[in-house]
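**Student:** This is the structure I have questions about; it appears just below.
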Amino acid sequence: MLTVAETLSILVLTLLSAHLLTTFIHYRHRLRLLPPGPRPLPFIGNALDLPGHQNWRTYAQWGKFY
(Lines give C-alpha, C1' and ligand atoms only; values in the text may rest on other atoms or scores of the structure.)
Protein backbone atom coordinates (compact mmCIF):
# COMPACT_ATOMS: atom_id res chain seq x y z
CA MET A 1 0.00 0.00 0.00
CA LEU A 2 1.31 3.43 -0.93
CA THR A 3 1.51 6.18 1.62
CA VAL A 4 0.05 9.61 1.02
CA ALA A 5 3.52 11.10 0.47
CA GLU A 6 4.40 8.46 -2.14
CA THR A 7 1.09 8.92 -3.94
CA LEU A 8 1.54 12.69 -3.94
CA SER A 9 5.10 12.43 -5.27
CA ILE A 10 3.98 10.12 -8.07
CA LEU A 11 1.20 12.56 -8.98
CA VAL A 12 3.58 15.54 -8.99
CA LEU A 13 6.12 13.70 -11.15
CA THR A 14 3.41 12.63 -13.59
CA LEU A 15 2.06 16.15 -13.91
CA LEU A 16 5.55 17.61 -14.30
CA SER A 17 6.40 15.07 -17.00
CA ALA A 18 3.17 15.84 -18.87
CA HIS A 19 3.86 19.58 -18.66
CA LEU A 20 7.42 19.18 -19.96
CA LEU A 21 6.23 16.99 -22.83
CA THR A 22 3.52 19.42 -23.94
CA THR A 23 5.95 22.35 -23.66
CA PHE A 24 8.49 20.51 -25.81
CA ILE A 25 5.87 19.64 -28.44
CA HIS A 26 4.58 23.22 -28.52
CA TYR A 27 8.15 24.56 -28.84
CA ARG A 28 8.92 22.26 -31.79
CA HIS A 29 5.62 23.17 -33.49
CA ARG A 30 6.33 26.88 -33.05
CA LEU A 31 9.79 26.44 -34.64
CA ARG A 32 8.22 24.96 -37.77
CA LEU A 33 6.02 28.04 -38.19
CA LEU A 34 9.00 30.43 -38.23
CA PRO A 35 10.61 31.59 -41.47
CA PRO A 36 14.01 30.10 -42.32
CA GLY A 37 16.86 31.31 -40.19
CA PRO A 38 19.31 30.27 -37.51
CA ARG A 39 17.96 27.79 -34.98
CA PRO A 40 17.53 29.32 -31.50
CA LEU A 41 19.01 27.70 -28.43
CA PRO A 42 16.76 26.82 -25.49
CA PHE A 43 16.30 29.63 -22.95
CA ILE A 44 18.71 32.14 -24.56
CA GLY A 45 17.40 32.08 -28.12
CA ASN A 46 19.80 33.64 -30.61
CA ALA A 47 21.44 36.06 -28.17
CA LEU A 48 24.88 34.61 -28.95
CA ASP A 49 24.41 35.30 -32.69
CA LEU A 50 23.82 39.03 -32.28
CA PRO A 51 26.71 41.13 -33.53
CA GLY A 52 28.71 43.24 -31.12
CA HIS A 53 29.87 45.84 -33.65
CA GLN A 54 29.12 46.83 -37.27
CA ASN A 55 25.58 45.57 -36.98
CA TRP A 56 24.53 46.72 -40.43
CA ARG A 57 27.10 44.48 -42.17
CA THR A 58 26.04 41.39 -40.25
CA TYR A 59 22.35 42.08 -40.90
CA ALA A 60 23.06 42.60 -44.62
CA GLN A 61 24.89 39.26 -44.76
CA TRP A 62 22.03 37.54 -42.95
CA GLY A 63 19.56 39.11 -45.39
CA LYS A 64 21.44 37.68 -48.37
CA PHE A 65 21.89 34.28 -46.76
CA TYR A 66 18.39 33.79 -45.38
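**Student:** If we scan the range 5-12, do we find a residue that is over 23 Å from the mean Cα position of the chain (by Cα) and not in a helix (DSSP H, G or I)?
**Tutor:** Looking through the range 5-12, none of the residues is over 23 Å from the mean Cα position of the chain (by Cα) and not in a helix (DSSP H, G or I).
**Student:** Tell me which residues, restricted to the range 34-49, are open to solvent by 90 Å² or more (accessible area, probe 1.4 Å) and within 21 Å of Lys64 (Cα to Cα).
**Tutor:** Correct list: Leu34, Pro35, Pro36, Arg39, Leu48.
**Student:** Name the residues in the range 29-48 that are closer than 27 Å to Tyr59 by Cβ and part of a helix (DSSP H, G or I), would you?
**Tutor:** Arg30, Leu31, Arg32, Leu33, Ala47, Leu48
**Student:** Restricting the range 11-28 to residues that are closer than 30 Å to Gly63 by Cβ and not charged (D, E, K, R), which is least open to solvent (accessible area, probe 1.4 Å)?
**Tutor:** Ranking the qualifying residues of the range 11-28, first place goes to Tyr27.
**Student:** A follow-up question, please. Which condition number in (1) open to solvent by 70 Å² or more (accessible area, probe 1.4 Å); (2) of a type in the set (A, V, I, L, M); (3) out of contact with any helix residue (DSSP H, G or I) (no Cβ under 9 Å at 6 or more places or on another chain) is the one that Leu31 fails?
**Tutor:** (1)
The values are calculated or read from the model by the stated rules, or taken from the named source; none is laboratory data. Not measured: the values here are computed from a predicted model. Note that each Cβ is placed from the backbone with ideal geometry, even for glycine, and that neighbours are counted across all protein chains shown. Quick note on the areas: whole protein, heavy atoms, side chains included, nothing else; ligands and nucleic acids left out. Shrake-Rupley method; radii C 1.70, N 1.55, O 1.52, S 1.80 Å.
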